[in-house]
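Data first, discussion second: the structure below is written as structure tokens.
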Amino acid sequence: MEILQLLISGISQGCVYGLIALGFVLIYKATEMVNFAQGDLMMMGAFFAYTYANVLEFPFVIAVLATIATMALIGVITERLLLRPMIGEPHFSVLMLTIGLGFILRAIAGASWGNEPRSLNTPYAGGVIDLNGVILGYENLVIMIGTALLCALLYCFFRFTRLGIAMQAASQNQLAAFYVGIPVKRIYAIVWGISASISAVAGILVAPVSLIDPQMGFIGIKAFAAAIVGGFGSLPGAILGGLLIGVVEQFAGLYLPTGFSDVSAYIILLIMLLIRPQGIFATMQQKKV
Amino acid sequence: MALLELTNIETYYGPIMAIRGISLNVEAGRISVLLGANGAGKTTVLKTISGAMEPQKGRVTFNGESIQGYDPDRVARLGIGHVPEGREVFPFLSVEENLQMGAFSRNDPDIAQDIERVFDYFPVLKDKARQQAAYLSGGQQQMLAIGRALMLRPTLMLLDEPSLGLSPRLVSEIADIIVRVNDEQRMTILLVEQNARMALDIGHYGYVMEVGRIVMEDTCEKLKSATDIQEFYLGIRDEGVRGRRRWKQRKTWR
């Protein structure tokens, strides 16, 4: 029973890691930039949801949609103003830029919503399903269903829509994408928008479980580990890596000495890099020069 | 007025001047060819036309519109299809998706019909429509790259060394298709080639480049019979009086 219980909380935590990792991977695949502010975008999403649901008292579904729209807009604007001028600059500069962006977002959040933790009003908070002694909280259930739905939606988008295929095309061969008339720069902006709204969903999903505060974005680092474990560049890998880290974290918390829970993500990362550096799903190819 | 006009183009790779003032005209409805050895700057000329590189000086005019400095996708939407050197297909998309992406900027209902027409040009591709492009052979990828550019319904098609790494049979197959496209769809073509024989056989008007400059231009008929071209590009040479050639006689264009 205990194992099942741990598994459930591990999976739901892993889903959140997976969603943030998805954001990392999406941006990396499309633009070859690593956005270290991904976790902070999630934090912003959670705060916007808090504003819409608690302060402005929108109905929950409306608040969720408004949050997604807001974050998509923020993603697009960020790309347009900060990242686009960096096209062609060294990766290192872009990296520093996104780390700086994370600091700025945390400062903005601290200044506008304060540093004390807040909780998000959700219609489903507190409810539980009792499955023969295994307790499944509604929050956890919603996290799992939400993640599954979002993944299905993204799969269909990338597989069947023209824009989705064009995004794949742009990430597979940027120059050829330009030559066939795909507006690659606009595609980058859209990718940032999608990535930011995925983070927003992650923020909304995790908000009822952990509280909202400006520092909550730091789980982005664990999500980054998840993305690498999954094989940076693979969307299913990101989710799987997230789940792996989430579950191991829960078990480490119970069976290993105190403190192991927090570092287990990095232990997995190190082991992974030693035995299978390309990650679970190897999609990275040798770069053509 | 020519469909495409380059006037005094100068393009740099960093500090290196790759194009040293080139002017050329591509007349509508014709196959123009650009010949030259490795490193002469042929590919750079094409990249400058399609906007992948920006010229430091000079003007690129297409249909009377100044297009230098435009993003490549915008140039493509104006009707310039570019088949880059080394195929550059989208490796993990299927053949059909590759072709659909070629028509990304179009919004008319004829796209499916155009895909059929590409399959008519290249029947091999039809059998592999659902396969990932990465698993095609080099020749098939080249066909796919040409087909993808056709999907744009361009008024001008830039072809960068379509014969690169292909067997002689495939080269003549590709050459036939180029002639057919030019003939059937009245499509203007600018062909960059190392394979001078093939290019001069199908081309109407030709330019010869050497280290960033155009050193010779004429109709392909005349170029074919020019002795310099015969020597340097076609490998034909008369033996000298004493049965050997003297290096002193070798011409340079500089």
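At a glance:
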quantity	calculated
Boolean, A:Ile198 is of a type in the set (A, V, I, L, M, F, W, C), touching a helix residue (DSSP H, G or I) at 6+ places or on another chain (Cβ under 7 Å) and away from chain B (no Cβ under 14 Å)	yes
Matching entry among A:Leu205, A:Leu254 (being surrounded by fewer than 21 Cβ atoms within 10 Å (Cβ to Cβ) and in contact (Cβ under 8 Å) with a residue 12 or more places away in the chain)	A:Leu254
Every residue from region B:137-161 that is more than 14 Å from every other protein chain (Cβ to nearest Cβ), open to solvent by less than 30 Å² (accessible area, probe 1.4 Å) and part of a loop (DSSP other than H, G, I, E, B)	B:Glu161
Residue ID - farthest from the other protein chains (Cβ to nearest Cβ), chosen from residues in region B:81-114 that are in contact with a helix residue (DSSP H, G or I) (Cβ under 7 Å, 6 or more places away or on another chain), assigned to a loop (DSSP other than H, G, I, E, B) and small (Gly, Ala, Ser)	B:Ala103
Residue match in region B:59-80 (condition: small (Gly, Ala, Ser), in contact (Cβ under 8 Å) with a residue 40 or more places away in the chain and part of a strand (DSSP E or B))	no
Residue that is nearest to the other protein chains (Cβ to nearest Cβ), among those in region B:31-75 that are charged (D, E, K, R) and buried (at least 20 other Cβ atoms within 10 Å of the Cβ)	B:Asp73
A:Thr31 being modelled with pLDDT under 90, out of contact with any strand residue (DSSP E or B) (no Cβ under 7 Å at 6 or more places or on another chain) and of a type in the set (Ser, Thr, Tyr)	yes
Enumeration of residues in region A:164-192 that are within 7 Å of chain B (Cβ to nearest Cβ), open to solvent by less than 10 Å² (accessible area, probe 1.4 Å) and within 25 Å of A:Ile74 (Cβ to Cβ)	A:Ala166, A:Ile182, A:Val184
Options B:Leu93, B:Leu166: the member that is open to solvent by less than 50 Å² (accessible area, probe 1.4 Å), over 18 Å from the mean Cα position of the chain (by Cα) and either of a type outside the set (Phe, Trp, Tyr) or closer than 22 Å to B:Leu4 by Cβ (or both)	B:Leu93
Failed condition for B:Ile202, given (1) open to solvent by 10 Å² or more (accessible area, probe 1.4 Å); (2) out of contact with any helix residue (DSSP H, G or I) (no Cβ under 7 Å at 6 or more places or on another chain); (3) β-branched (Val, Ile, Thr)	(2)
Filtered residues of region A:136-162 (kept if surrounded by 14 or more Cβ atoms within 10 Å (Cβ to Cβ) and farther than 24 Å from B:Leu93 by Cα)	A:Leu136, A:Gly137, A:Tyr138, A:Glu139, A:Asn140, A:Leu141, A:Val142, A:Ile143, A:Met144, A:Gly146, A:Thr147
Within region A:193-217, considering residues that are in a helix (DSSP H, G or I) and of a type in the set (S, T, N, Q), the one nearest to A:Ala72 (Cα to Cα)	A:Ser197
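Results for (1) part of a loop (DSSP other than H, G, I, E, B); (2) touching a residue at least 60 places away in the same chain (Cβ under 8 Å); (3) closer than 14 Å to B:Ser32 by Cα; (4) in contact with a Gly (Cβ under 9 Å, 6 or more places away or on another chain), shown as yes or no for each residue.
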{"site": "B:Ile174", "(1), (2), (3), (4)": "no, no, no, yes"}
{"site": "B:Asp201", "(1), (2), (3), (4)": "no, no, yes, no"}
{"site": "B:Gly206", "(1), (2), (3), (4)": "no, yes, yes, no"}
{"site": "B:Glu217", "(1), (2), (3), (4)": "no, yes, yes, yes"}
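The values are calculated or read from the model by the stated rules, or taken from the named source; none is laboratory data. The structure presented is a predicted model; accordingly, all values stated were derived computationally and were not measured. So basically every Cβ, Gly included, is an ideal-geometry build from the backbone, and we count neighbours across all protein chains shown. Accessible surface is based on the protein model in full, side chains and every heavy atom, while ligands, DNA and RNA are left aside. Shrake-Rupley method; radii C 1.70, N 1.55, O 1.52, S 1.80 Å.
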